[in-house]
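Here's the structure, in structure tokens; my notes come after.
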Amino acid sequence: MTADNRFLTTQHLAPLVTLLSFGVYLHTLKPMLAMGDGGELLSAGYSLGLAHSPSFPLYTLILKLALKAPLGQIAFRGNCLSALWGGISVMLLFLLLRNYARLSTALAGGFIFAWLPASWIQASHAEVYTLAFALVILLLLIYEKCPEPKKFLTAFLAWGLLGANHSLMAVSLTVLFIMTISRLRNAKRVI
């Protein structure tokens, strides 16, 4: 299989991976509030208020937009947003794995992640973690392309968005930031 054929296959499968995982998440979605932070997050999104610390500003803004959709009750809309970000996370992981593995292995890895209880539970009710999953995987995809200047700046944007979603996630990626700086320094020495 040539590189062009591999790209086209991956390019066509990526949206299908999203739709399939989103569809399963949607089928098993909690229709009402779930235990945990869901009610507080939905209230913060509805009123553009603050949830508990660190208040999750990015998630709150995106949730505010999602709550405007004319679908069922407010809790259902917030839960749908988590399912959508869960599906996007699975697609991004598939794309990341596809850079290192065969198509079947990348598909299996993406769907194994999708059906893990921790991933599935987070995608079934309003919670910040599916957006965090998507941003972390996006950051790893971008990091793979560094040190190109545009990709480097895009990686910082994703890192900043991750911090705006959940501050602990951004702090945990400090190692990736240090690796990026080190990689850029080494690239300058070579030039």
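The values are calculated or read from the model by the stated rules, or taken from the named source; none is laboratory data. Because the structure is predicted, anything quoted here is derived from the model rather than measured. Glycine gets a Cβ as well: all are built from the backbone with ideal geometry, and neighbour counts include every protein chain shown. Areas reflect the complete protein model, heavy atoms only, side chains present, ligands, DNA and RNA absent. Shrake-Rupley method; radii C 1.70, N 1.55, O 1.52, S 1.80 Å.
A few notes on this one:
- Within the stretch 43-70, residues that are open to solvent by 70 Å² or more (accessible area, probe 1.4 Å) have Cβ atoms under 8 Å from residues that are among the small types (Gly, Ala, Ser) and part of a helix (DSSP H, G or I) in these pairs: Leu50/Ala44, counting only partners at least 6 apart in sequence or on another chain.
- Some residue of the stretch 115-131 being closer than 25 Å to Gln11 by Cβ, open to solvent by 40 Å² or more (accessible area, probe 1.4 Å) and either touching a strand residue (DSSP E or B) at 6+ places or on another chain (Cβ under 7 Å) or modelled with pLDDT of 75 or more (or both): yes
- Any hit, the stretch 164-179, residues being assigned to a loop (DSSP other than H, G, I, E, B) and either farther than 25 Å from Ser55 by Cβ or at pLDDT below 75 (or both): yes
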